Amino acid sequence: MEKHRSSTEAPAIREPGGRTYLMCRPSYYAVEYAINPWMDTSAPVDTARACAQWEALAEVYTGLGHEVLRIEPEPGLPDMVYAANGAFVVDGIAYGARFRHPERAPEADAHEKWHRAAGRAFVKPEHTNEGEGDFTYLPGRELILAGWGFRTDARAHAEAADVFGRQVVSLRLVDPRYYHLDTALAPLDDGRIAYYPDAFAPGSRLLLERLFPDAVIADADDAAAFGLNFVSDGTHVVVNAEAAGMVRKLRDAGYEPVPVDLSELKKGGGSVKCCTAELRR
Ligand code: ARG
């Protein structure tokens, strides 16, 4: 795995209980096409600023005792910084992505190569799915939560259940601004989640209420500030700094919010979680 790290990167130090995250530096980040409502091809993007914000995010993770691995960015793939979409990893198995839009299709191959080179078991998908963008896992509940409606094909949910031998809860997304599950819902710890109810179809909302009566409920402002696109290690919640209301809710719920400025990456329709793929052992 060594060869995937750049020479400037500190050696990976993972504390007990620390997580392992895969990230991709936004060296070629731009908004060259618009495949979600946040992307405005006429608005300027500052790639250097995006890189600085991204480096700060990586430093926050290592500072919290987590290990950060890197996948090499590729020219011509401006969205590759959103590493969460490249695959979904549980139990050390990587279930590969298959992108909805042709612009992002080659990213799936880059991630496949990376996982295979790292010696990880890799399953090539038959159905369209955008990795951790639409899948997450709650170990305390032994449940995979999966989104569909915009990007991931619901048939990929059954495929994932088959790959991991785990139960998958299908949730239908209905608001185009929250086109990936990770823009509308996130795990806070092994068993608890936060979500924005209006992003989901009525049946899915009912299901979430039944499964997670203790959830932290986000409002329209929290969601619009990408306040649900956070990464939690069960204690610290790394969250977009613009989501001030969400920061308060997280603190009130007993977590320690760690706000980061990812304003430049928001122009592509993503934030903290989109930039972070968790490699679950
Ligand atoms: N521009 C990217 C897209 O529309 C953003 C992806 C955000 N990633 C995420 N995990 N939500 O596909």
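The values are calculated or read from the model by the stated rules, or taken from the named source; none is laboratory data. Keep in mind that what you see is a predicted model, and the values were worked out from it rather than measured. Methodologically, a virtual Cβ is constructed for each residue, glycine included, from the backbone with ideal geometry; neighbour enumeration extends over all protein chains shown.
Within segment 104-122, the only residue that satisfies the criterion of being within 15 Å of the ligand (Cβ to nearest atom) and free of Cβ contacts under 8 Å to residues at least 12 places away in the same chain is ALA105.
Could you check segment 74-88 and list, in sequence order, the residues that are away from the ligand (no atom under 14 Å from the Cβ) and surrounded by 15 or more Cβ atoms within 10 Å (Cβ to Cβ)?
GLU74
Can you tell me which residue within segment 40-50, out of those that are of a type outside the set (D, E, K, R) and surrounded by fewer than 18 Cβ atoms within 10 Å (Cβ to Cβ), is nearest to the ligand (Cβ to nearest atom)? Step by step, filter segment 40-50, then rank; the result is THR41.
Residues of segment 96-108 that are of a type outside the set (Lys, Arg), out of contact with any Gly (no Cβ under 7 Å at 6 or more places or on another chain) and assigned to a helix (DSSP H, G or I): PRO102, GLU103, ALA105, PRO106. Residues that are touching a Gly at 6+ places or on another chain (Cβ under 9 Å) and not polar (S, T, N, Q) within segment 144-156 comprise GLY147, ARG151, listed in sequence order.
Table: residues versus (1) at pLDDT 95 or above; (2) part of a strand (DSSP E or B); (3) of a type outside the set (Phe, Trp, Tyr).
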{"site": "ALA94", "(1), (2), (3)": "yes, yes, yes"}
{"site": "ALA110", "(1), (2), (3)": "yes, no, yes"}
{"site": "TRP114", "(1), (2), (3)": "yes, no, no"}
{"site": "GLU132", "(1), (2), (3)": "yes, no, yes"}
{"site": "THR136", "(1), (2), (3)": "yes, yes, yes"}
{"site": "ALA146", "(1), (2), (3)": "yes, yes, yes"}
{"site": "THR152", "(1), (2), (3)": "yes, no, yes"}
{"site": "ALA158", "(1), (2), (3)": "yes, no, yes"}
{"site": "VAL163", "(1), (2), (3)": "yes, no, yes"}
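Taking every residue in segment 126-147 that is closer than 14 Å to PHE212 by Cβ and pairing it with any residue that is within 12 Å of the ligand (Cβ to nearest atom) and among the polar types (S, T, N, Q), at least 6 positions away or on another chain, the pairs with Cβ-Cβ distances below 7 Å are LEU145/THR136. Just so you know, in segment 194-211 the residues that are part of a strand (DSSP E or B) and in contact with an Asp or Glu (Cβ under 9 Å, 6 or more places away or on another chain) include one that is surrounded by the fewest Cβ atoms within 10 Å (Cβ to Cβ), and it is PHE200.
For GLU32, state whether it is within 14 Å of the ligand (Cβ to nearest atom), charged (D, E, K, R) and either closer than 26 Å to ARG100 by Cβ or touching a strand residue (DSSP E or B) at 6+ places or on another chain (Cβ under 9 Å) (or both). In short, yes.
Can you name the residue in segment 151-175 that is surrounded by 17 or more Cβ atoms within 10 Å (Cβ to Cβ) and touching a residue at least 60 places away in the same chain (Cβ under 8 Å) and, of all such residues, is nearest to the ligand (Cβ to nearest atom)? The selected residue is ALA160. Please state which one of ASP221, ASP214 is more than 17 Å from the chain's Cα centre (by Cα), in a loop (DSSP other than H, G, I, E, B), among the charged types (D, E, K, R) and modelled with pLDDT of 95 or more. Criteria check complete, one pass: ASP214.
For HIS101, the conditions (1) within 14 Å of the ligand (Cβ to nearest atom); (2) touching a helix residue (DSSP H, G or I) at 6+ places or on another chain (Cβ under 8 Å) all hold with the exception of (2). Counting the residues of segment 236-245 that are touching a residue at least 40 places away in the same chain (Cβ under 8 Å) and within 9 Å of PHE226 (Cα to Cα) gives 0.
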